[in-house]
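Peer 1: Take a look at the following structure, please.
The numbers here are math on the coordinates, done by the rules we state, and not lab data. Predicted, not measured: the structure shown is a model, and the values here were computed from it. Cβ coordinates were reconstructed from backbone atoms using ideal geometry, including for glycine residues, and neighbour counts include every protein chain displayed.
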Amino acid sequence: CGSDHSCYGPTNTVEHVRHVKRIQPGAPNAAYGPKAPLEWGQLNFLHTTDTHGWLEGHLKEQNYGADWGDFVTFSRRMKQTAGNMGVDLLLIDTGDLHDGNGLSDATTIDGTDSMPIFDGIEYDLLTIGNHELYISEVAYEMFNTWARKWGDRYITSNVKAFNQTSGQYEYIGATHRYFTTPKGLRVMAFGVLFDFTGNSNASQVLKAAEMVQEEWFKNAVETCEPIDVFVLFGHNPVRQTDSSNTLKLVFDEIRKVHPTTPIQILGGHSHIRDFAVYDDNSVGIESGRYCETLGWMSMTGFDASNSNFKGVKNPHGVPNPTRPARQGAKSPFVYSRRYLDWNRQTFIYHTKQTEAAFDYGSGLRVTDEVSQVREELKLGDVYGCAPQTWCISCVPFNDTSNIFPGVVLPAVSAIVVNKTREDKSRLIIGNTGAIRFDLHQGPFTYDDNFIVSPFRDAFLYIPDVPYELAKTVLPKLNSGPIAKRDLVTMPVPRDSCTDPTLGYLTRREMRQSHGVVRRQEVVTSGYVTTDDFGSDGDDTVHTGIENYALPGYFQAEVNFAEGSNPEAVDLIFVDFIESLILADLGGNYTSDMVSCYIDCDFTSQDFMLPYAKLVWQENIDNCPLAQA
Ligand SMILES: Nc1ccn([C@@H]2O[C@H](COP(=O)(O)O)[C@@H](O)[C@H]2O)c(=O)n1
Ligand SMILES: [Zn+2]
Ligand SMILES: [Zn+2]
């Protein structure tokens, strides 16, 4: 492709280059702010998960508008506050660093430009997500570059990579980490990925049940060294009823040896805000997705009888945790949790700063790096003007404002076309999980292409499948094991907007020219979280938002004659679901009957840009953004 990405989509005939211009990040500040100061305990946690490359923040949603540089400043200030108050603060990430944003996915190898930016945060503990393991080159980057850089802070207790030199699978990071916090707490940490099976052969994922049989694990749990607290973290849902959760299994193994030692759990992968009580001395937090949420968890209860804690028990001048894990708990420990909206107003409020005084040079440098990479990758280039917002789950699947009937089906119908077979009837099937985010009204940029459809899943096909058989595939897929998407609420805003008058300024300029945080007389739109502690966890109060169920798979019917069914169809699908499609077609269909539909390089990253060029050219030079 040329630098204007003009080669995407064989059916595209719309000349677009004259329309290409740059938009810059939107207003960074929230519409409405946090409700109360955080409760600081003896041991505190700041938690990110499933960032998926969103280090630029949400450019079209003010309430999630902070960028990674803002978070660099915030995390440093919070660490200093902890030090000043005489308590510990651990910064933890639980993986899925790529797939979902141009910053991470517009390079040949995902993460080439985003990982050095992500590394601006001085995490105490990190672990690996499934999105670091789909593509071998990405897994090797984690193994050869980042695991080395992060050393014993990167814990991959059940994930190995193939070492081409030794010819062996070796742990990517450390299996576990035993360390002492600045205030003297002796911590044993494990980082456990759910039982993921979709990895390339560059890696090996041990099931949690196998991992707990490993000699190193038994030694770590049964060590004679004193342990004040376990940190059990992982790319792994914290809710025990989630079928992917394997943390409970590891928790149970620890409990066999340490019946009352606190176990603090931090999870991810299911993209929700959640907090789960495991027992009287153990609670777990999950902190959303896509740089919408920063998780906060704190605890108090350490004393000389149960720890080596040398700090301050109830830090002064701030609220302290007060809630036992559950009513009547026989435990010295009390807890708090909070889900912070990812914006500068939140960060400024919780560091007791002003807009003018908040920034550190280190944070501003990272903000500039984000802007520079966006510029280099041309992520702000505009390809169309989306006339409305289409969401994934805020309206029913068949609603015209749903992204599937509104955008995805028309887009694949118009763009996923093999010219030599365009007269054939066809069914195009995809997994709804591949469409990652709502499409917001306004300029549709190169970045938005990755935000909506980030994966490089090739379009494959089987020619001339009898329609009577082909039509049975979708219902079979949608009643099969991978059919259900997670229906728990997620903190996604519905109606926040970017201020169009700021459209061509850099993030720094915007801050300087709009120094005061604007407050609106509305409650911020977004999901309301309910967890094991109730419904008061959202740091900024949200209005509540619908979250409709989705089928696991979608299908477009293309080139069907009015009123009659075809004899046979080309059955087109993404390679991610090839084995499921073959299974549903039955034994007569095998992988040697499958080939690339357009060419093997035409993937699910390649249909949105040509579609935008085809249908969203009206108002492109004066494209209105969504109204709040
Ligand atoms: N090549 C791929 C890889 C993944 N997906 C979709 O992503 C889901 C997993 O994402 P998480 O952030 O929840 O780990 C997976 O279930 C697929 O739906 C894909 O479509 N193509
Ligand atoms: Zn994820
Ligand atoms: Zn995941």
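Peer 1: Given a cut-off of under 8 Å on Cα pairs at least six residues apart, what relative contact order in percent is computed for the chain?
Peer 2: Averaging sequence separation for qualifying contacts and normalising by length gives 21 percent for the chain.
Peer 1: Then there's this: For the range 200-252 and the range 458-472, write down the distance between their C-alpha centroids in whole Å.
Peer 2: The range 200-252 and the range 458-472 have Cα centres spaced 42 Å from each other.
Peer 1: Multiplying the sequence separation of N622 and Y169 by 0.36 nm and subtracting their Cα-Cα distance, what value in nm do you get?
Peer 2: Result: 157.6 nm gained on full extension.
Peer 1: What percentages, rounded to whole numbers, describe P(r) for the range 111-156 computed over all alpha carbon pairs with 5 Å bin width beginning at zero?
Peer 2: Reading upward from the zero bin: 5, 21, 33, 31, 9, 1.
Peer 1: While we're on this one: Place the peptides 197-205, 141-149 in order of packing, highest mean first, counting for every residue the other Cβ atoms within 10 Å and averaging per peptide.
Peer 2: Taking the mean over residues of other Cβ atoms within 10 Å, the ranking is 141-149, 197-205.
Peer 1: Calculate, in whole percent, how much of the Cα-Cα pair population of the range 102-219 lies beyond 18 Å.
Peer 2: Looking at the range 102-219, the distances longer than 18 Å represent 53 percent of pairs.
Peer 1: For the chain, what does -39500 (n - 2.57) per DSSP helix run (n ≥ 4), summed and divided by total residues, give at 222 nm, in deg cm²/dmol to the nearest 500?
Peer 2: Calculated mean residue ellipticity at 222 nm is -5500 deg cm²/dmol.
Peer 1: Right, here's the next one. Quote the convex hull volume per residue of the range 92-137, based on C-alpha atoms, as a whole number of Å³.
Peer 2: Given the Cα convex hull of the range 92-137, per-residue volume reads 72 Å³.
Peer 1: Over 37 Å apart: what share of the alpha carbon pairs of the chain falls there, rounded to a whole percent?
Peer 2: Everything past 37 Å amounts to 35 percent.
Peer 1: Considering Cα pairs under 8 angstrom that are at least six residues apart, work out the relative contact order of the range 293-360 and quote it in whole percent.
Peer 2: 39 percent
Peer 1: Per-residue counts of other Cβ atoms within 10 Å, averaged by peptide: what ranking do you get for 233-239, 609-615, highest first?
Peer 2: 233-239, 609-615
Peer 1: A follow-up question, please. Rounded to two decimals, what is the ratio between the C-alpha radius of gyration of the range 546-628 and 2.2 N^0.38 Å?
Peer 2: Expressed relative to 2.2 N^0.38 Å, the Cα Rg reads 1.54.
Peer 1: At a 10 angstrom cut-off on C-beta neighbours, averaged per residue, how do the peptides 167-175, 438-446, 315-323 rank from highest to lowest?
Peer 2: Highest-to-lowest ranking by the protection proxy: 438-446, 167-175, 315-323.
Peer 1: How many Å³ per residue does the convex hull of the Cα positions in the range 141-201 occupy?
Peer 2: 92 Å³
Peer 1: For the range 326-419, how big is the tail of P(r) above 20 Å, as a whole percent of Cα pairs?
Peer 2: So the pairs more than 20 Å apart make up 71 percent of the total in the range 326-419.
Peer 1: Can you tell me which lysines have their Cα less than 30 Å from the Cα of K476? Leave out same-chain residues fewer than eight positions away.
Peer 2: Within the straight-line limit of under 30 Å, K476 reaches these lysines: K207, K419, K424, K484.
Peer 1: Let me ask another. With charges only on Cβ, +1 for K and R and -1 for D and E, what is the dipole size of the chain about its Cα centre, in debye, rounded to 20?
Peer 2: Approximately 1860 debye in magnitude.
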